[in-house]
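Asks: Starting off with a structure, shown below.
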Amino acid sequence: MIFLGYDDDAKRFEVEHYRASHDIGKVVVISANEFPLPIDGTDQIKYSDVIMYVTFYRLLQEIDARTLIVINECLRTQNRYDLTYNCIRNYLNQTTHQLIFQQLPQIDERDDFMILFDFDTRSRWKRLAFDAELIAAESQVSVRELPLSFSRVDVPTSAKTQAKYAQEREKLLREIGNRDPHTLPRNLYLIGGAEKAAYINAQSLPLFADSSPRYVARNKRLGADCITTYEDVGNPPYTIVELPHRFIDFADFILRTNQFASTVLVADLKVDEWYFARYSEWSERIHATYASLSQR
């Protein structure tokens, strides 16, 4: 069975309920490295260890028909034939008991969901694209739809910043060659950072019970105490200074914070508009996947 949008307490409840309702002798929990799901009396496996010989051959020997395998937040790449996924499939082929937990149904496109579907169906349809009717016929999916959304705060930039942006854009275009074309937006997006920091400093921030940062950016270059990085976030809410380039990094941010609705600072530069539109469209794709799974 596949569970979407469940928090850790709800995940633990489902695991314990399944264990109590079936003749389960062993529980193996495979989790993304940064998002473990500790449960008493279980064998905890890190995602990065799945492909290690010492882990792989031990689990092949230990997993049997009375083993429950829990796959927790393991949608880490869009490559359906990834080596780690293939190892997980080998484990799943040795039992009929599996629970798959994932916060969002996809990394980018809805076909990503079929990786979770493969886990739940022992990859019998590994070559097929997303098909709501097939999913409904062959898998149970419990969906707690997360209200993912993005709103914007427009931040004007100076003529100096706009000139710097134009110069850097021309330089990058000249030098791009055979390099990753995503180098262009990644680098240009940072140019509006100083203007955003100035905007933040000009705000009359409300008093909070603690001194936690209230903004999140890609790195610490802006030097403001109220700005943290995606790796160091704590208690929400956060205003987004810069969106990550990779959607999975923002999905991890949501996992760390449970912040589903985000306000984004958008400088009046084309790259900022591009990033905001890109994430808004990502949100729409995710809600479209929710809708397809709900119409089963």
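Asks: If we scan segment 64-86, do we find a residue that is surrounded by fewer than 20 Cβ atoms within 10 Å (Cβ to Cβ), assigned to a helix (DSSP H, G or I) and small (Gly, Ala, Ser)?
Replies: Among the residues of segment 64-86, not one is surrounded by fewer than 20 Cβ atoms within 10 Å (Cβ to Cβ), assigned to a helix (DSSP H, G or I) and small (Gly, Ala, Ser), which makes the answer no.
Asks: Restricting attention to segment 131-161, and to residues there that are touching a helix residue (DSSP H, G or I) at 6+ places or on another chain (Cβ under 8 Å), assigned to a strand (DSSP E or B) and farther than 30 Å from ILE200 by Cα, which single residue is most open to solvent (accessible area, probe 1.4 Å)?
Replies: The extreme case among them is VAL143.
Asks: Could you list all residues from segment 13-35 that are surrounded by fewer than 16 Cβ atoms within 10 Å (Cβ to Cβ) and not acidic (Asp, Glu)?
Replies: PHE13, HIS17, ALA20, SER21, HIS22, ILE24, GLY25, ASN33
Asks: Here is a check on your reading of the model: is PRO38 closer than 30 Å to TYR238 by Cβ, free of Cβ contacts under 8 Å to residues at least 60 places away in the same chain and not in a helix (DSSP H, G or I)?
Replies: yes
Asks: Cβ contacts < 9 Å: first residue more than 10 Å from ALA197 (Cβ to Cβ), restricted to segment 222-243; second residue in a helix (DSSP H, G or I) and among the β-branched types (Val, Ile, Thr), any location; separation 6+ or different chain. Result?
Replies: VAL233/THR257; GLY234/THR257; ASN235/THR257; PRO236/THR257; PRO237/THR257; TYR238/THR257; THR239/ILE200
Asks: So, TYR47, is that one free of Cβ contacts under 8 Å to residues at least 24 places away in the same chain and of a type outside the set (S, T, N, Q) or not?
Replies: No.
Asks: Among the strands (runs of 3 or more DSSP E) lying completely within segment 181-296, list those that include at least 2 residues that are within 22 Å of PHE35 (Cα to Cα) and open to solvent by less than 30 Å² (accessible area, probe 1.4 Å).
Replies: Counting at least 2 such residues, we get 215-217, 227-229.
Asks: Another question about this same structure. Looking at this structure, is LEU128 closer than 14 Å to PHE3 by Cα and either part of a loop (DSSP other than H, G, I, E, B) or within 21 Å of the chain's Cα centre (by Cα) (or both)?
Replies: So LEU128 does not fit the description; no.
The values are calculated or read from the model by the stated rules, or taken from the named source; none is laboratory data. Model, not experiment: these values are computed from the prediction. Positions of Cβ are generated from backbone atoms using ideal geometry, with glycine treated the same way; all protein chains shown enter the neighbour counts. The area values use the complete protein model at the heavy-atom level, side chains included, leaving out ligands, DNA and RNA. Shrake-Rupley method; radii C 1.70, N 1.55, O 1.52, S 1.80 Å.
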